[in-house]
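Read the structure below first, then the notes.
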Amino acid sequence: MKKMSLIAFATTIILISSVATYAQAAFNTGEVGVFLGEYGRFQVYTPDTAGTIQLERLTILVGVGQNAVFDYQNDAEIEEPVINVSNPLLSDYEIYGSFNNTYSFEPPDVYEQLNIYGWNGESYALLKFTITNREASTLEGALIGLDIIPYLDAEYGYDTVTYDGTNKIIRSHRGGTNLGFKLLSHNLSSLYSFEWYEDYYVDSSYWSWMNYGSLQPQYVSNTADGPVTITAQDPIVLNPNASIEVYYGVAVGTTESEMISNMEAATQKYYSITSVEADNNTIPEGYVLEQNYPNPFNPSTAIKFGIPEASNVRLKIFNTLGEEVAELVNEYLDAGTYTYSFDASQLTSGIYVYTLQTGDQLISKKMTLIK
């Protein structure tokens, strides 16, 4: 399952119109094309005459220990078949599929849902991974990351992986081909690349790489095998049946600056579909949670908040009994000012409390819904 031969790739490219021979669903924005395979294998191609593959594989990793890492090669099995969503609500194109660990039945028992979004004429895609804990116990210190194998211009090897700390982009590049990856929803805490070798996908190795603990600034491949890149975000606690959403942007460009520009557009689209409007040019001196407007409201209102530094942000709504009725934001945000458009059409009239939590900061205000 690791690497298809070049002959197999060539056959696949010829048969792109018959996607089922290679991937179960695909779309082409006119600027970038993507595949999603039946076990959760995400790929990128250039929509030229040849349909040139640029990314052999991007797949999710969920690790909780030395011998407990969920990965594509050893664990992933189909739960819901991959499909092209017929009437996407958030984008022009959408692919969906879900996967579980029943290929191996090895821990951790997690359920992976993957939505891929694309827009006409755009050179990027957004990936939303929803990871649910199906274990009977809490997953403590769980790490979520990616396993990435580039195939730039349909060739392995002699390419470079560079981390752009300013823009927080992982860039795979060779010549005039630039492929970028950006964790949009959380903080990237570990990034490590190495030269591919056969059967590298072992739980203990994955766990070690995911705990690398820093962001490798650059890796230069010096063989025809090419690099493998392993990432991880900050550890989380995931209770039984609880879920976490993780968003990545993937962008392409013929130059580094073009790819970065496309990734900026992907980031703005991410804020748009998650109902968060960002203004990173207005940075407050302290943590700010403003009164919602309008208030009272029916059924929608805007909640504005500001953070002076990059933080993991949680914005929640509670009723007067202290019960959580909605979690609006749970993600890593850059310093800036944000506005969330809250639709309370599913709630009953009454007084609610909304809270902003960032680290040890907690701010609360009241809002009134009148129907």
Checklist entry - Going through region 124-146 one residue at a time, which ones are within 16 Å of the chain's Cα centre (by Cα) and surrounded by fewer than 19 Cβ atoms within 10 Å (Cβ to Cβ)? => result Thr130, Thr132
Next on the checklist: Can you tell me which of (1) touching a residue at least 60 places away in the same chain (Cβ under 8 Å); (2) assigned to a strand (DSSP E or B); (3) not small (Gly, Ala, Ser) is the one Ile78 doesn't meet?
Outcome noted: (1)
Checklist entry - Ile149: among the β-branched types (Val, Ile, Thr), assigned to a strand (DSSP E or B), surrounded by 15 or more Cβ atoms within 10 Å (Cβ to Cβ) and assigned by TED's automatic domain parsing to the domain that holds Phe27, yes or no? => result yes
Checklist outcome for this item: Checked region 291-311 for anything surrounded by fewer than 18 Cβ atoms within 10 Å (Cβ to Cβ) and in contact (Cβ under 8 Å) with a residue 60 or more places away in the chain; matches are Gln291, Asn295, Pro296, Phe297, Asn298, Pro299, Ala310
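So that you can scan it fast, the table gives a plain yes or no per residue for (1) modelled with pLDDT of 95 or more; (2) crowded, with 21+ Cβ neighbours inside 10 Å; (3) under 17 Å from the mean Cα position of the chain (by Cα); (4) not assigned by TED's automatic domain parsing to the domain that holds Thr177:
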{"site": "Leu36", "(1), (2), (3), (4)": "yes, yes, yes, no"}
{"site": "Asp48", "(1), (2), (3), (4)": "no, no, no, no"}
{"site": "Gly51", "(1), (2), (3), (4)": "no, no, no, no"}
{"site": "Leu61", "(1), (2), (3), (4)": "yes, yes, yes, no"}
{"site": "Gly65", "(1), (2), (3), (4)": "yes, no, no, no"}
{"site": "Phe70", "(1), (2), (3), (4)": "yes, yes, yes, no"}
{"site": "Ala76", "(1), (2), (3), (4)": "yes, yes, no, no"}
{"site": "Pro88", "(1), (2), (3), (4)": "no, no, no, no"}
Next on the checklist: Based on this model, can you work out whether Ser275 counts as among the small types (Gly, Ala, Ser), more than 16 Å from the chain's Cα centre (by Cα) and exposed (fewer than 13 other Cβ atoms within 10 Å of the Cβ)?
Outcome noted: no
Checklist entry - So which of Leu90, Leu36 is of a type in the set (A, V, I, L, M), closer than 25 Å to Ala251 by Cα and in contact with a Ser or Thr (Cβ under 9 Å, 6 or more places away or on another chain)? => result Leu90
Item to check | Residues (among the small types (Gly, Ala, Ser) and farther than 30 Å from Arg174 by Cα) located in region 28-87 | outcome: Gly63, Gly65, Ala68, Ala76, Ser86
Item to check | Check on Leu179, assigned by TED's automatic domain parsing to the domain that holds Ser205, buried (at least 22 other Cβ atoms within 10 Å of the Cβ) and out of contact with any Cys (no Cβ under 8 Å at 6 or more places or on another chain) | outcome: yes
Item to check | Close pairs from region 49-67: first farther than 19 Å from Thr229 by Cα, partner outside any strand (DSSP E or B) and of a type in the set (Asp, Glu), Cβ under 7 Å, at least 6 apart | outcome: Thr52/Asp153; Asn67/Asp203
Checklist entry - Counting only residues that are under 13 Å from Lys365 (Cα atoms) and charged (D, E, K, R), how many does region 290-310 have? => result 2
Checklist entry - So which strands (runs of 3 or more DSSP E) are wholly in region 158-221 and hold at least 1 residues that are free of Cβ contacts under 8 Å to residues at least 40 places away in the same chain and touching a strand residue (DSSP E or B) at 6+ places or on another chain (Cβ under 9 Å)? => result 169-174, 188-195
Checklist entry - Which residues, counting only those in region 234-253, are modelled with pLDDT of 95 or more and out of contact with any helix residue (DSSP H, G or I) (no Cβ under 7 Å at 6 or more places or on another chain)? => result Tyr248, Val250
Checklist outcome for this item: Selection over region 222-237 where residues are crowded, with 21+ Cβ neighbours inside 10 Å and out of contact with any Ser or Thr (no Cβ under 7 Å at 6 or more places or on another chain) yields a count of 2
Checklist entry - Taking Val44 and the conditions (1) among the aliphatic types (A, V, I, L, M); (2) modelled with pLDDT of 95 or more; (3) farther than 21 Å from Val228 by Cβ, which numbered condition does it fall short on, given that it satisfies the others? => result (3)
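The values are calculated or read from the model by the stated rules, or taken from the named source; none is laboratory data. Note that the structure is predicted; figures quoted are calculated from it, not measured. Heads up, the Cβs are rebuilt from the backbone with ideal geometry, glycines too, and the neighbour counts pull from every protein chain shown.
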